[in-house]
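Read the structure below first, then the notes.
The values are calculated or read from the model by the stated rules, or taken from the named source; none is laboratory data. Treat the numbers as computed from the prediction; the structure is a model and nothing was measured. No Cβ is skipped: glycine too gets one built from the backbone with ideal geometry, and neighbour counts run over all protein chains shown.
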Amino acid sequence: MTTTLLPDAFVGQRYAVTLKAAGGQPPYRWEAQIFSPRFQLNPTTGELTATPTRADSIVPVLVKVTDSQGNVEEQDLFVVVRNVTIMNSHFLPEATVGVPYRTQFQAIGNSSPVEWSITRGDINSIGLQLNQQTGELSGTPTKASNFLVQVTARDRFDRQTRESVLTVKESGTGLTGRSTKAEVMPNGELYATGLLLAPLLVGLAAHRARRRRAQLSKVDAT
């Protein structure tokens, strides 16, 4: 088998992945022991499909593929099924002082309407506001700087929080009010102390990687 990892699935979103094999003598026949009734494997095409209705955390998928000569190969895979997940980048589109601004936070994997909130960063103080129902961040910025905006998406079962950087430039200059070197301030503003924005985002990515390794360890333990 050439498929060794499966992408994540999201609640309420159709999931479809075709498993791949190489070598042997086609056609192949696919079988799987799947620890969730919501996932099905097509024995002829090797397509794994589902539309998850709730998060199962980690779904083991034990796959066996047999070629036309009876050669067998097995592979232990797993699918992580996620609840509400914010899809936006850690860098929001840039804004300019005095120019109307609008961007949309988006989430998938929610089984009910999402309620949005800002849990860090005083966006009202710079002329912006967040629509709790739609996730739209809008307004006319009044201050140039780099800002840390922490947004939370919540449905009736789960929530996710994501930190993003919003850069507001001075009108007509293309420059921020302070250096692009930054430190997180309690009010959500970033200011110059010799730390680059990049390490902040690297730290966020590292946190996600640690969570992923923890999930893999749980699968190995079983």
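Tabulated results
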| quantity | calculated |
| --- | --- |
| Some residue of the stretch 90-109 being touching a Lys or Arg at 6+ places or on another chain (Cβ under 8 Å) and over 30 Å from residue 169 (Cβ atoms) | yes |
| Sole residue being surrounded by fewer than 13 Cβ atoms within 10 Å (Cβ to Cβ) and either in the same structural domain as residue 24 (by TED's automatic domain parsing) or touching a strand residue (DSSP E or B) at 6+ places or on another chain (Cβ under 6 Å) (or both), chosen from 66, 44, 51 | 44 |
| Residue in the stretch 69-110 that is surrounded by the fewest Cβ atoms within 10 Å (Cβ to Cβ), counting only those that are touching a residue at least 12 places away in the same chain (Cβ under 8 Å) and small (Gly, Ala, Ser) | 89 |
| Subset of the stretch 41-67 (residues that are polar (S, T, N, Q) and modelled with pLDDT of 95 or more) | 42, 44, 45, 49, 66 |
| Failed item, numbered, when residue 36 is tested on (1) modelled with pLDDT of 95 or more; (2) of a type in the set (S, T, N, Q); (3) not assigned by TED's automatic domain parsing to the domain that holds residue 129 | (1) |
| Residue that is nearest to residue 156 (Cα to Cα), among those in the stretch 25-76 that are β-branched (Val, Ile, Thr) and assigned to a loop (DSSP other than H, G, I, E, B) | 53 |
| Criterion (touching a residue at least 60 places away in the same chain (Cβ under 8 Å), closer than 30 Å to residue 86 by Cβ and under 29 Å from the mean Cα position of the chain (by Cα)) met by exactly one of 16, 9, 50 | 9 |
| Top-ranked residue in the stretch 77-136 [being in contact with a strand residue (DSSP E or B) (Cβ under 8 Å, 6 or more places away or on another chain), of a type in the set (Ser, Thr, Tyr) and not in a strand (DSSP E or B); ranked as nearest to residue 166 (Cα to Cα)] | 89 |
| Total residues in the stretch 112-143, condition in contact with a Ser or Thr (Cβ under 7 Å, 6 or more places away or on another chain), in contact (Cβ under 8 Å) with a residue 12 or more places away in the chain and over 20 Å from residue 90 (Cβ atoms) | 2 |
| Unmet criterion (only one of (1) within 16 Å of the chain's Cα centre (by Cα); (2) in a loop (DSSP other than H, G, I, E, B); (3) of a type in the set (A, V, I, L, M)) for residue 21 | (1) |
